[in-house]
Amino acid sequence: MTVATPLLAPREDTALSARLARSAATHSSVGLDGRDVDAWLAERAGAHAFRVDRIPFADLDGWSFDPGTGNLGHRSGRFFTVEGLHVTLGQGGDGAWQQPIIRQPEVGILGILAKEFDGVLHFLMQAKMEPGNRPLLQLSPTVQATRSNYTKVHRGADVKYVEYFTEPARGRVLADVLQSEHGSWFYRKANRNMIVEAHGEVPLLDDYCWLTLGRIAELLHRDNVVNMDSRTVLACLPFADREPTALHSDTELLSWITAERSRHEVRAQPMPLGSVSGWVRGTDSIEHEHGRYFRVVAVSVEAGNREVGSWTQPLFEPRGLGVTAFLTRRIGGVPHVLAHARVEGGFLDTVELGPTVQYTPSNYTHLAPARRPPFLDLVTAADPRRIRYEAVHSEEGGRFLRAESRYLVLEVDDTQVPLDPPPGYRWVTPGQLTALVRHGHYVNVQARTLLACLNAMGSRL
């Protein structure tokens, strides 16, 4: 009996990086009938009724505080809960705090569908309303849905195009990786970040448009156009590494990350929301006693283009505009950015690589300069001539209310940050970050946004 030799596939699609580069170099897109994206977004906003109102907790429909724990949850037992978290750092409890946290154990899908038109890859983007975003309508992935959404726990309409990401025969996977979300506000939350190239024709529905990477890159330079979920998925694209050399080899970088994870002892223990110290629950918010960090609020939402037309829910509302920045410099002619091995209480592992600076400055104004986070004052007082990228982007609008950060890439020199930076920081190339993003829980969501922006800058870095 003859045994057939199995067909082997190449381990890498060597043509994909060239196809991505071609899309990134193309700024015109099919399907908008000559209109620009602004006009199309305005048209889609006008086609539906949107409204978000603050409400007291007592007016939440289907949500309630558990009488025993004080946790805020939905009657279905699905979606998410707002609980407490007790975080302790170090063996001797060198740092400890308690806070509200969002617990959403189910894994959602963030998926962008790709298709080639006239030899150029295009990506199917959605004009999606999120109650926490400003403006409400921004460009989102083709599919942006929790498991509760696409299994229709809410008993609403089907999630459009989800079959391309749940049925393998529908397309060819270009990227697929579990990535963390905001570790300061989510407890061990992950979403499946996917890019799938569709087989055959794809029907174009209302509220969707095909855009090239070049057009999306232009929009990433604008405030509050491309939403957070799109940015994290776009960061997972396997762009070719333009620079084969770096200050530290990939093995050295991985060893450093492992060492950072080993040296930090982080104990994050869920606890009853009603027992969290330092936070005060009122009729319409849960706030920190000193008015810092964020507050938990409730909203009523109307949205004509969502699977459910109206609902109520809790949201986290930050206290101030965040500042998120990579410091950058050329080392041996090669662009590098300064990454921070960042500890956040909600991470699955102790550390993920974050931007150089990821803070809300108003939370630290009461501290003396020597006690403020490293590099924060350098960024906030930066010479505008050294800013290589700047835009305000919304964070996750489905769980956070008006959570915005000023994202920057700031050029520095050796007098400001040496080649041997302080402990917890390391110079890496954008190509090294791209390699790490192919694996889950190495690069945090804010750094992934900045990686998408670095890719949008191209050779201008």
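The values are calculated or read from the model by the stated rules, or taken from the named source; none is laboratory data. None of the values given here were measured: they were computed from a predicted structure. Because the Cβ atoms are built from the backbone with ideal geometry, glycine has one as well, and the counts that use them run over all protein chains shown. The protein model used for the area step is the full one, side chains on, heavy atoms only, and it has no ligands, DNA or RNA in it. Shrake-Rupley method; radii C 1.70, N 1.55, O 1.52, S 1.80 Å.
Report, to one decimal in Å, the Kirkwood hydrodynamic radius for the range 99-217 based on all distinct Cα pairs. List each step's numbers first, then the result.
On the way: mean 1/r = 0.0647 Å⁻¹.
When all Cα pairs of the range 99-217 are included, the Kirkwood radius is 15.4 Å.
Counting only residues 5 or more places away or on other chains, whose amide H sits under 5 Å from the amide H of Gly171 once H atoms are built in the peptide plane?
Excluding prolines and chain starts, which carry no amide H, the hits are His199.
Distance in nm between label sites at Asp59 and Ala96, each 7 Å beyond Cα in the beta-carbon direction?
Here the answer is 4.0 nm between the modelled labels.
Gain in length, Ser285 to Asp223, computed as 0.36 nm per residue apart minus the alpha-carbon separation, to one decimal in nm? Present the calculation step by step, with values, prior to reporting the outcome.
Details: separation 62, 0.36 × 62 = 22.32 nm, distance 2.82 nm.
Length gained, Ser285 through Asp223: 19.5 nm.
So, taking all protein chains as they sit and a 1.4 Å probe, how much accessible area belongs to Asp414, in Å² rounded to tens?
Accessible area, nearest 10 Å²: 90 Å².
Distance between the C-alpha centers of the range 8-27 and the range 49-72? Whole Å please.
Here the answer is 47 Å between Cα centres.
Could you report the accessible area of His366 in Å², rounded to 10, computed with a 1.4 Å probe on the protein chains as they sit in the structure?
Surface accessible to solvent at His366 totals approximately 100 Å².
Run the 1.4 Å probe and let me know the accessible area of Met457, rounded to the nearest 10 Å².
10 Å²
What distance in nm separates the simple spin-label points at Thr258 and Ser28, each placed 7 Å from Cα in the Cβ direction?
Computed distance between label sites Thr258 and Ser28 equals 5.1 nm.
What are the trypsin sites (Lys or Arg not before Pro) within the range 157-250 that DSSP puts in a loop, where the Cβ has at most 15 other Cβ atoms within 10 Å? Could you put the intermediate results ahead of the total?
On the way: sites: Lys160, Arg170, Arg172, Arg188, Lys189, Arg192, Arg215, Arg222, Arg231, Arg242; in loops: Lys160, Arg188, Lys189, Arg222, Arg242.
When the trypsin sites (Lys or Arg not before Pro) of the range 157-250 are filtered for loop state and at most 15 Cβ neighbours within 10 Å, Arg222, Arg242 remain.
With a 1.4 Å probe and all protein chains in place, put His27, His264 in order of accessible area, largest first.
Working: His27 90, His264 50 Å².
From most accessible down to least: His27, His264.
Only loop residues by DSSP count here, and only those with at most 11 other Cβ atoms within 10 Å; note down the GluC sites (Glu not before Pro) in the range 373-461 that meet that. Working shown, then result.
Working: sites: Glu390, Glu395, Glu396, Glu404, Glu411; in loops: Glu395, Glu396.
Answer by residue number: there is no such site.
Could you work out how much longer the chain between Glu390 and Leu7 gets when fully extended? Use 0.36 nm per residue separation minus the Cα distance between them, nm to one decimal.
Details: separation 383, 0.36 × 383 = 137.88 nm, distance 4.82 nm.
Additional length available on full extension: 133.1 nm.
Are there trypsin sites (Lys or Arg not before Pro) in the range 7-47 that DSSP marks as loop and that have at most 13 other Cβ atoms within 10 Å, and which are they?
Values: sites: Arg11, Arg19, Arg22, Arg35, Arg44; in loops: Arg11, Arg35.
Filter output for the range 7-47: Arg11, Arg35.
At q = 0.11, 0.12 Å⁻¹, what log₁₀ I(q)/I(0) does the chain have when each alpha carbon counts as one equal point scatterer in the Debye sum?
Relative scattering, expressed as log10 I(q)/I(0), comes to -0.91, -1.09.
Around Arg388, which amide H atoms from residues at least 5 apart in sequence, or from another chain, sit under 5 Å from its own amide H, with H modelled in the peptide plane?
Distant-sequence amide H within range of Arg388: Val409, Leu410, Glu411.
From the protein chains alone at 1.4 Å, what is the descending order of accessible area for Thr380, Thr88, largest first?
These residues rank, largest area first, as Thr380, Thr88.
I need to check one value: relative contact order of the range 286-339, counting alpha carbon pairs closer than 8 Å and at least 6 residues apart, in percent.
Working: 61 pairs, mean separation 14.1, N = 54.
Rounded, it is 26 percent for the range 286-339.
Apply the Karplus parameterisation 6.51 cos²θ - 1.76 cosθ + 1.60, with θ equal to phi minus 60°, to every residue of the range 97-112 and state each ³J(HN,Hα) to the nearest whole Hz, in sequence, with x for glycine and proline.
Running phi through 6.51 cos²θ - 1.76 cosθ + 1.60 with θ = phi - 60° gives 7, 10, 6, x, 8, 8, 10, 9, x, 6, 9, x, 10, 10, x, 10 Hz.
Relative to the present Cα-Cα distance, how much length would full extension add between Thr251 and Arg172 at 0.36 nm per residue of separation?
Details: separation 79, 0.36 × 79 = 28.44 nm, distance 3.03 nm.
Full extension of this stretch gives 25.4 nm more.
Of the accessible area of the chain, with the probe set at 1.4 angstrom, what percent is carbon plus sulfur? Write out the running numbers ahead of the final one.
Numbers: 10010 of 20090 Å².
Looking at the chain in its full context, I get 50 percent from C and S.
What are the ³J(HN,Hα) couplings of the range 321-332, residue after residue, when phi is run through the Karplus curve with 6.51, -1.76, 1.60 and θ = phi - 60°? Round to Hz, x for glycine and proline.
Using θ = phi - 60°, the values come out as 7, x, 10, 10, 8, 9, 7, 9, 7, 8, 10, x Hz.
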